[in-house]
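The values are calculated or read from the model by the stated rules, or taken from the named source; none is laboratory data. Since we're looking at a predicted model, the values are computed, not measured. Cβ placement follows ideal geometry from the backbone for every residue including glycine, while neighbour counts extend to all protein chains displayed. With ligands, DNA and RNA removed, areas are computed over all heavy atoms of the protein, side chains included. Shrake-Rupley method; radii C 1.70, N 1.55, O 1.52, S 1.80 Å.
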Amino acid sequence: SLARFPIRYPSRVYLTTAPILALGALSSTPSLTPLVLLLGVLRLHTLHLIPYRKWGAGATQGLLVSLAIAVGHAGPSLHALSTPFTSIVVLVLLSAVTTSIAGLSLTAAYFAERGQPTSWRHATMFPAIWATVWAVVEYCSPIGQLTTWSPIVQLGGYAWLRQYGGQVAINWVVAAWAVVLADVMGAWIMGLDEEAERYAHPPLISFASDDRHAGATNGSAPYKRIGSTRRTLLLATVLIALAAPSYVMSDMPSPVSSPDVTPFGVACALPYPQRNGLLTGTPSLEDYVAESKTLQAQAKVVLWPESAVHFSSSKEREKTFEHISAQISNGTYWAIGFDEVVQTDSSDGVWKIGMRRNGLIMLGWEGVVYEYYKRHLVPIAESFSMTPANEKPSIFTMQLKHPRSYSAPKWAPAPNHTRPIDITASICLDFSTAASFAGLESRPALILAPARTWHTSVGLAMWEQAKARADETGSMVLWCDGGEGGVSGIAGRGMHAFRQVGLGSWTQTVSVPWPFDPRRTVFSAAGTSAVLAVVWGI
């Protein structure tokens, strides 16, 4: 029987299964089901390791899982930093740190579950710890949710939880299913093999109930299994119920032609200077301007990628923006990603003279209407040469005039007869944390997201992070990645697939409900701390 293997050869089984699962579960875009399987196996292994103090096997497991993570991320990481060697060293260290955090979480849950007065508290202790630990990691880490053991794709019926509980709710679901899986696997192992009485280790018996029964005799086993079964069934029922709303909630994008929506065009300017299909060089300022002049015929917002242009002085920047502004149509806005040399130290000490900063400017025919600077820099690659900002994004309201198919009074009420479109922005790595838009007082209709990644896998990972922020805020994200192999598209409000890979400009008509509901989602209003309070209340 297969049940004999974990009993007779626990180290072989767990030390083989977990690293294999980690290869698929902990990619650059982790998914829910493989992560549940990995966590369930590691939970069973933890329940075997600690009582027998098999620290060597635990360290071996940590090493193997760390190596599996490093192997899975090796391709996109090779050129992340100045040299492949530096990139690999940093990758191995990151893999070891995240694996250690996961191991410590499992260990903490093992001891926290001991002596819990109720079966329900015993069942929900690990999910609460797991969700809290990764929320703290996200808050402290310079790369946010990247490299964490948190699913970002293929969430099944739980994607709707993002607007209510953010990534904390998703992490709680993962850990809760891992508890159910470990209980079921443990019961299967103990229940199918008569040799279990000779080979069984106390952890495989006692994990299903509290320590009051840990030393119970065989005569008390039915009582323990009944308690474990009830607990497992109750937790599984709750998890299934949480997935049920996804089958009745609509996840379709709004139509672009309807009396109760406001349609408008958006564009991503990604010029591709080429000859005979081959790129002839990096797109220049003139390339971006020429491309944007063409795109503005179909789009009200034209977004350039991160660091599309570079400025060495404030005079050069102002002269360039003045030149560009004169070429923008009335009512259209170009969102320009740029980096520049800081000319003076800021009063708060954040910006240092001589360093570079990464920003985005929205230009209209009237001049600059919006300004934002990147807050989260890529460690080592950007953090030594650039200076971050500490100001959170704000909102700019674009007044949209009526299209030709509408008369002014039918489009919007007097006096302006315009419809407001609230717009905000963040830049690339800023999207790696759920707190990106915590300071906004209302829901934006559109979030501008210039980016520049160096590998398709990294581009996909950041695209998925942008999708998560769109779901959490209830908004749309216009993601424009100018990096080699980067992906671009529109996410949120029922739109999930990216538009294209690599360079090449594009436009798309999107729509928002009219009148627009500016109220924030539950998660945007409450924040991570409130969700953690709910998790511990559960």
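Is it the case that some residue within the range 501-509 is surrounded by 15 or more Cβ atoms within 10 Å (Cβ to Cβ), among the small types (Gly, Ala, Ser), over 22 Å from the mean Cα position of the chain (by Cα) and assigned to a strand (DSSP E or B)? Checked the range 501-509: no residue is surrounded by 15 or more Cβ atoms within 10 Å (Cβ to Cβ), among the small types (Gly, Ala, Ser), over 22 Å from the mean Cα position of the chain (by Cα) and assigned to a strand (DSSP E or B).
Being free of Cβ contacts under 8 Å to residues at least 60 places away in the same chain, farther than 30 Å from residue 370 by Cβ and touching a helix residue (DSSP H, G or I) at 6+ places or on another chain (Cβ under 8 Å) narrows it down to one residue among 237, 229; which is it? It would help to see each step written out before you state the result.
On the way: 237 fails: touching a helix residue (DSSP H, G or I) at 6+ places or on another chain (Cβ under 8 Å).
Going through 237, 229 in turn, the sole match is 229.
Working only within the range 438-457, note down all residues that are buried (at least 23 other Cβ atoms within 10 Å of the Cβ) and at pLDDT below 95. Explain how you work it out, then say what you get.
Of all residues in the range 438-457, those buried (at least 23 other Cβ atoms within 10 Å of the Cβ) come to 444-451, 453.
The answer is 453, and nothing else.
Name the residue that is farthest from residue 487 (Cα to Cα), counting only residues in the range 300-319 that are free of Cβ contacts under 8 Å to residues at least 60 places away in the same chain and touching a helix residue (DSSP H, G or I) at 6+ places or on another chain (Cβ under 8 Å).
If we filter the range 300-319 for residues that are free of Cβ contacts under 8 Å to residues at least 60 places away in the same chain, which is where we start, we get 302, 309-319.
Next cut, touching a helix residue (DSSP H, G or I) at 6+ places or on another chain (Cβ under 8 Å) only: 302, 309, 311.
Details: 302: 17, 309: 20, 311: 26 Å.
Per the criteria, the residue is 311.
Residues that are open to solvent by 10 Å² or more (accessible area, probe 1.4 Å), in a strand (DSSP E or B), outside the structural domain of residue 73 (by the TED database) and of a type outside the set (A, V, I, L, M) are absent from the range 458-471 altogether.
Of all residue pairs spaced 6 or more apart or on separate chains, those with beta-carbon atoms under 8 Å, a first member in the range 417-429 that is surrounded by fewer than 19 Cβ atoms within 10 Å (Cβ to Cβ) and a second member that is assigned to a helix (DSSP H, G or I) are 417/408; 417/409; 417/411; 418/411.
If you go through the range 367-395 and keep only what is open to solvent by 30 Å² or more (accessible area, probe 1.4 Å) and in a strand (DSSP E or B), you end up with 368, 369, 371.
Condition check: touching a residue at least 24 places away in the same chain (Cβ under 8 Å), acidic (Asp, Glu) and either assigned to a loop (DSSP other than H, G, I, E, B) or open to solvent by 20 Å² or more (accessible area, probe 1.4 Å) (or both). Does residue 251 satisfy that? Lay out the reasoning, then the answer.
Details: touching a residue at least 24 places away in the same chain (Cβ under 8 Å): yes; acidic (Asp, Glu): yes; either assigned to a loop (DSSP other than H, G, I, E, B) or open to solvent by 20 Å² or more (accessible area, probe 1.4 Å) (or both): yes.
The answer is yes for residue 251.
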